[in-house]
Amino acid sequence: LRAFLTAVADRDGPIKVSLTGPVTLGVALHAAGLDVDLAFAVAGATVRRRARALVDHVLRRVPQAQLVVFVDEPAMAGLTDPAFPIGASEGVDLVSRTLAELKRDAVTGLHCCAPADYRLLLGAGPKILSVPVDGGIELHGGLVGDHLDRGGWVAWGAVPTGGPVGPTVERLWRRLLAVWSDLSADGCDPMLLRTNAIIT
């Protein structure tokens, strides 16, 4: 983090940092042996304190930049699983409280790298939703459309990180355009899909 902030010290545009979310940390603490209630209580409080410290540190070092903070929550993909250690509403509340801590000083993002219940992800209240292109979000045009209409953004995970990418971007671009086409057919504003998009 220090090396990154030194490299962007003169930047006056957006910069992005991220931190592990409370649901994912809670799952890890519970797997390590903590009682479920204690694990998620500790995770929620710890991540909120970490979020505040991260924002304060970045803004001290690069005060002129527009700060974007992503909460990484791969574990949210399992929130609707009956065996998940906490309920879906409890998980959304944990993430929502973290995002609220960040909203005062940063643009908030929520990243889940697996197919998930997008209603729950958006219910946490991020400004930017970061999802994989192949995660099935094209089946949720109403949710995506409402998010975009409220001024939200989508960070489209169009470039795979788990295998070969290929020599050109054509295949990846076609796959993203197909998702946008499906969402447009389901009522999303095609212009907002493009203007409120970040390609990751």
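Where residues in the range 29-51 are open to solvent by less than 60 Å² (accessible area, probe 1.4 Å) and in contact (Cβ under 8 Å) with a residue 40 or more places away in the chain, which of them is farthest from Ala9 (Cα to Cα)? The residue in question is Val36. Taking residues in the range 2-15 that are under 8 Å from Val62 (Cβ atoms), and partners anywhere that are charged (D, E, K, R), the pairs with Cβ atoms closer than 9 Å and at least 6 places apart or on different chains are Leu5/Arg61; Val8/Arg61; Ala9/Arg61.
Scan the range 99-124 for residues that are under 17 Å from Arg49 (Cα atoms), in a helix (DSSP H, G or I) and within 12 Å of the chain's Cα centre (by Cα) and the total you get is 1. Spot the failing condition for Leu54; the list is (1) closer than 14 Å to Ala106 by Cα; (2) open to solvent by 50 Å² or more (accessible area, probe 1.4 Å); (3) not β-branched (Val, Ile, Thr), and only one is missed. Failed condition: (2). What is the number of the single condition among (1) part of a strand (DSSP E or B); (2) surrounded by 18 or more Cβ atoms within 10 Å (Cβ to Cβ) that Ser18 does not meet? Among (1) part of a strand (DSSP E or B); (2) surrounded by 18 or more Cβ atoms within 10 Å (Cβ to Cβ), the lone unmet condition for Ser18 is (2).
Determine whether Thr80 is within 18 Å of Ala100 (Cα to Cα), of a type in the set (Val, Ile, Thr) and either free of Cβ contacts under 8 Å to residues at least 40 places away in the same chain or in a loop (DSSP other than H, G, I, E, B) (or both). Answer is no for this residue. Scanning the range 68-85 for any residue that is open to solvent by 50 Å² or more (accessible area, probe 1.4 Å) and under 17 Å from the mean Cα position of the chain (by Cα) turns up at least one such residue. Here Asp105 clears all of (1) within 21 Å of Val179 (Cα to Cα); (2) surrounded by fewer than 17 Cβ atoms within 10 Å (Cβ to Cβ) except the condition numbered (1). Quick check, is Val62 open to solvent by less than 10 Å² (accessible area, probe 1.4 Å), over 18 Å from Lys127 (Cβ atoms) and touching a strand residue (DSSP E or B) at 6+ places or on another chain (Cβ under 9 Å)? So Val62 passes the test. Cβ separations smaller than 6 Å between residues 6+ apart or across chains give the following pairs from the range 108-136 residues that are surrounded by 19 or more Cβ atoms within 10 Å (Cβ to Cβ) to residues that are charged (D, E, K, R): Thr108/Lys127; His111/Asp72; Cys112/Glu73; Val133/Arg175.
Given Leu183, Leu177, Leu172, Leu143, which one is more than 17 Å from the chain's Cα centre (by Cα), among the aliphatic types (A, V, I, L, M), over 30 Å from Pro63 (Cβ atoms) and open to solvent by 50 Å² or more (accessible area, probe 1.4 Å)?
Checking each option against the conditions leaves just Leu177.
Contact map, the range 175-190: residues that are among the hydroxyl-bearing types (Ser, Thr, Tyr) paired with residues that are open to solvent by less than 70 Å² (accessible area, probe 1.4 Å), Cβ distance under 7 Å, separation 6+ or inter-chain. Pairs shown: Ser184/Pro190; Ser184/Leu193.
Across the range 186-200, the number of residues qualifying as more than 16 Å from the chain's Cα centre (by Cα), open to solvent by 60 Å² or more (accessible area, probe 1.4 Å) and not hydroxyl-bearing (Ser, Thr, Tyr) comes to 6. Annotation: Phe70 fulfils all but one of (1) modelled with pLDDT of 95 or more; (2) on the phi < 0 side of the Ramachandran plot; (3) in a loop (DSSP other than H, G, I, E, B); (4) of a type outside the set (D, E, K, R); the unmet one is (3).
With respect to the stated conditions, Thr200 fails to be without any contact (Cβ under 8 Å) to a residue 40 or more places away in the chain and polar (S, T, N, Q).
The values are calculated or read from the model by the stated rules, or taken from the named source; none is laboratory data. The structure presented is a predicted model; accordingly, all values stated were derived computationally and were not measured. Positions of Cβ are generated from backbone atoms using ideal geometry, with glycine treated the same way; all protein chains shown enter the neighbour counts. Heads up: the accessible areas ignore ligands, DNA and RNA and are worked out on the full protein's heavy atoms, side chains in. Shrake-Rupley method; radii C 1.70, N 1.55, O 1.52, S 1.80 Å.
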